[in-house]
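Worksheet: the structure to be examined is printed underneath.
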Amino acid sequence: MTLTRLIPAAVALALMATSAVAQSAQPEAPRWSFAIHGGAGVIERDSLSPEQDAAYRAALTRALEAGQAILSRGGTAMDAVQAAIQIMEDNPLFNAGRGAVFTAEGRNELDAAVMDGSNLAAGSVAGLTTTRHPIAAARAVMEQSPHVMLIGSGADAFAASVGLEQVEPSFFFTERRWQGLETALRARNLPIPARPAGAPGPQAAIDESQAPPLNERKFGTVGAVALDQSGNLAAGTSTGGMTAKQWGRVGDVPVIGAGTYASNADGCAVSATGDGEYFIRATVARDICAGIAAEAAMSPDVRASQRRASACAADEICLSHPRNPDFVVIDRELAQVEALGGSGGVIVMTRSGDAWLHMNTSGMYRGAVSSTEPARVGIYANEPPR
Ligand code: ASP
């Protein structure tokens, strides 16, 4: 063999070896991945006692484990999302299901949504008052009705007709949220309504001793995003909305594309928490998915120049993060919410199983787990997972 033929062969061998090294250095892609949130807001380290901090972390861990159990044995992203959210809906620490905030009229009106990224099917409900698990009702709308969104008594009637558990409205009552309502109404000079029929007294049976003080400014909506072993993405969100909401107000959660969105084609699933009005106006969840899809289609040069021009350039974690192009998209979207006057956070799952948990507030109850990473939960903005 001549020297001229040997040199290219040697170069090719060297290149193959280099790329093998590069490939082995790549972290293993997760077979499944899962993330949850329990609301964002002004949550400072000194605003929670150690007991409260521990109670939230334990509650988040239980919800994460429910999703993990389903995904690790090959279950669907949608099942994992529903299971985790139902656990949080039953926990009075969160503003969803039992423990939801009250309307100005002293009612609990519950909103929820789900979306299946595999076929863009979606279901949502708003203003439920008797369905124990609003997330199950949203899923039933998606799977068992020809519609996407049902509201009010009709939505409860539909949920009952498909066999979902119905409860008295007072089931959702918690003293802490009632006190929060009274405080909010007094601040706005609005009348305080009578306590709902059947509501337990101040010595409620539900253990609320771990609940944080009433004056903190935080949301408390719950949500989940998942990638399953078949490569399908799903998202779900459930909430009581905003304290002292009036006139049948509905937030971003049940608005598909605002607080909830999932699309396998975009490679993205999103659940949001925050000032719903701003998340609706910024179409946050859909924009993030469209941005992630567009970013994936960009040439590396364009992507790098976009990154340099973005807020990411000033953020050390962002710049050093190997997945930071997705972060840029998410950060840009939250910046838009902030520019409009809103605050909050999002959890985002990508098709490669990367979970982003990002907020423009001082905290967000959150957690993530995957087939390659152990379960981690966080509360304050400056701790993992992010
Ligand atoms: N986004 C919800 C709403 O506006 C509130 C929350 O996140 O807690 O209804």
Residue list for the range 101-116, filter: within 11 Å of the ligand (Cβ to nearest atom) and over 16 Å from Asp252 (Cα atoms): none
Six or more apart or on different chains, Cβ under 7 Å: which pairs go from a residue in the range 237-257 that's within 27 Å of Ile192 (Cβ to Cβ) to one that's of a type in the set (Asp, Glu) and within 8 Å of the ligand (Cβ to nearest atom)? Could you list them? Thr239/Asp111; Gly241/Asp111; Val250/Asp111; Gly251/Asp111; Val253/Asp111
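What number of residues in the range 277-300 are free of Cβ contacts under 8 Å to residues at least 40 places away in the same chain and either among the small types (Gly, Ala, Ser) or part of a helix (DSSP H, G or I) (or both)?
Residues of the range 277-300 free of Cβ contacts under 8 Å to residues at least 40 places away in the same chain: 280, 283, 286, 289-290, 293-300.
Filter again for either among the small types (Gly, Ala, Ser) or part of a helix (DSSP H, G or I) (or both), leaving 280, 286, 289-290, 293-297, 299-300.
Residues meeting the conditions: 11.
Is at least one residue of the range 288-298 modelled with pLDDT of 95 or more, within 12 Å of the ligand (Cβ to nearest atom) and either under 30 Å from Ile151 (Cβ atoms) or in contact with a Leu (Cβ under 6 Å, 6 or more places away or on another chain) (or both)?
Of the range 288-298, the ones modelled with pLDDT of 95 or more are 288-290.
Subset that is within 12 Å of the ligand (Cβ to nearest atom): none.
No; the residues of the range 288-298 include none that is modelled with pLDDT of 95 or more, within 12 Å of the ligand (Cβ to nearest atom) and either under 30 Å from Ile151 (Cβ atoms) or in contact with a Leu (Cβ under 6 Å, 6 or more places away or on another chain) (or both).
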Can you find even one residue in the range 16-31 that is over 17 Å from Leu233 (Cβ atoms), buried (at least 16 other Cβ atoms within 10 Å of the Cβ) and modelled with pLDDT of 95 or more? no
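Answer yes or no as to whether Gly248 is more than 8 Å from the ligand (Cβ to nearest atom) and surrounded by fewer than 24 Cβ atoms within 10 Å (Cβ to Cβ). Working first, answer last.
Details: more than 8 Å from the ligand (Cβ to nearest atom): yes; surrounded by fewer than 24 Cβ atoms within 10 Å (Cβ to Cβ): yes.
Criteria met by Gly248.
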Among the numbered criteria (1) assigned to a helix (DSSP H, G or I); (2) surrounded by 24 or more Cβ atoms within 10 Å (Cβ to Cβ), which single criterion is violated by Gly99? (1)
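Right, Ala211: at pLDDT below 95, of a type in the set (Gly, Ala, Ser), within 16 Å of the ligand (Cβ to nearest atom) and touching a helix residue (DSSP H, G or I) at 6+ places or on another chain (Cβ under 9 Å) or not? Please lay out each step first, then the result.
Working: at pLDDT below 95: yes; of a type in the set (Gly, Ala, Ser): yes; within 16 Å of the ligand (Cβ to nearest atom): yes; touching a helix residue (DSSP H, G or I) at 6+ places or on another chain (Cβ under 9 Å): yes.
Considered against the rule, which asks whether it is at pLDDT below 95, of a type in the set (Gly, Ala, Ser), within 16 Å of the ligand (Cβ to nearest atom) and touching a helix residue (DSSP H, G or I) at 6+ places or on another chain (Cβ under 9 Å), Ala211 comes out as yes.
For the range 269-276, state whether one or more residues are within 14 Å of the ligand (Cβ to nearest atom), part of a loop (DSSP other than H, G, I, E, B) and in contact with a helix residue (DSSP H, G or I) (Cβ under 8 Å, 6 or more places away or on another chain).
Within the range 269-276, one or more residues are within 14 Å of the ligand (Cβ to nearest atom), part of a loop (DSSP other than H, G, I, E, B) and in contact with a helix residue (DSSP H, G or I) (Cβ under 8 Å, 6 or more places away or on another chain).
Quick one: would you say Gly223 is at pLDDT 95 or above and more than 30 Å from Leu190 (Cα to Cα)? Walk me through it before giving the result.
Values: at pLDDT 95 or above: yes; more than 30 Å from Leu190 (Cα to Cα): yes.
Yes; evaluated as a whole, the condition is true for this residue.
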Of all the residues that make up the range 37-88, how many are assigned to a loop (DSSP other than H, G, I, E, B) and away from the ligand (no atom under 16 Å from the Cβ)? 7
Looking at this structure, is Ser124 polar (S, T, N, Q) and assigned to a strand (DSSP E or B)? yes
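Criterion first (modelled with pLDDT of 95 or more and part of a helix (DSSP H, G or I)) does Ala235 satisfy it? I'd like the intermediate steps shown before the answer.
Values: modelled with pLDDT of 95 or more: yes; part of a helix (DSSP H, G or I): no.
Judged against the criteria, Ala235 is not a match.
The values are calculated or read from the model by the stated rules, or taken from the named source; none is laboratory data. It should be emphasised that the depicted structure is a prediction, and the values quoted were computed from it without experimental measurement. We place every Cβ from the backbone using ideal geometry, glycine too, and count neighbours over all the protein chains shown.
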